[in-house]
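Values in this text are rule-based calculations from the coordinates and carry no lab data. All of these numbers come straight from a predicted model, not from anything done at the bench. No Cβ is skipped: glycine too gets one built from the backbone with ideal geometry, and neighbour counts run over all protein chains shown.
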Amino acid sequence: MTIKSITPFLWFDTQAEDAANFYVSLFPDSKILHVSRYGDFMPGKAGQVMVVDLELMGQHLTFMNGGPSFKLDEAFSLSVACQDQAEIERLWNALADKPSACGWTRDKFGVVWQINYAGLPELMTSQERVNKVMAAMMTMVKIDIQALKDAVK
């Protein structure tokens, strides 16, 4: 067997193209690769966007306008490892429509994101440090890098 790749495939009601354009505007080195439209004798209205293939910072994703039958939920999220607080702030401000906890939020399209700190693994090098970092993180909605670092001092 030869597998070329594994691509996250997200189902939207009617917002696939809007979501793709929005995400491409937020992340560097991102682009729309291809847009397919419904044709005659297909479940969607002829001419409307059916599938959008895009690349976000090298990660290929496919979005489909499949109608209201299925909803996105927290069982699947896109995790973003940010290098600094400024990047967390920028993405959080753009994506956080329905914040949850520990850096998780749902955006205006229903996609769930984890906006987190890329240095988290380096902070959690022992069980004691894991406990301290996680205790601090559990009090957060948006990630505060300095508070995570302070937790292990």
| field | Anisotropy class of the range 65-153 from Cα gyration tensor, a/c 1.5 cut | value | prolate
| field | Packing-based exposure ordering (other Cβ within 10 Å, fewest first) of Thr14, Thr62, Thr105 | value | Thr14, Thr62, Thr105
| field | Karplus 3J(HN,Hα) series, Hz, for the range 69-81 with 6.51 cos²θ - 1.76 cosθ + 1.60 (x for Gly, Pro) | value | 4, 10, 10, 6, 8, 5, 5, 9, 9, 9, 9, 10, 8
| message | To check my understanding: the extent here is largest minus smallest coordinate of the Cα atoms along each principal axis. What are those three numbers for the range 1-71, in Å, largest first? | response | 36, 34, 22
| message | At 0.36 nm per residue, and after removing the present C-alpha to C-alpha distance, how many nm does the segment from Lys108 to Met138 gain when stretched out fully? | response | 8.4 nm
| said: Tell me the label only: which of (i) 48, 40, 29; (ii) 63, 38, 26; (iii) 45, 36, 23 is Cα extents along the principal axes in Å as calculated from this structure? | reply: (ii)
| request: Express the relative contact order of the chain as a whole percentage, based on alpha carbon pairs under 8 Å and six or more residues apart in sequence. | output: 19
| said: List residues of the range 77-105, by number, whose backbone nitrogen lies under 16 Å from a label position 7 Å along Cα→C-beta of Ala118. | reply: 79-92
| said: If each DSSP helix of 4+ residues adds -39,500 (n - 2.57) and the sum is divided by the residues in the chain, what number results at 222 nm, nearest 500 deg cm²/dmol? | reply: -8000 deg cm²/dmol
| 14 Å beta-carbon shell around Asn65, net charge (K/R +1, D/E -1) | -1
| message | I want the antiparallel fraction of DSSP beta bridges within the chain, as a percent rounded to 5. | response | 65
| note | Within the range 72-153, pairs of Lys residues whose Cα atoms are less than 14 angstrom apart, provided they are eight or more positions apart or on distinct chains, add up to 4
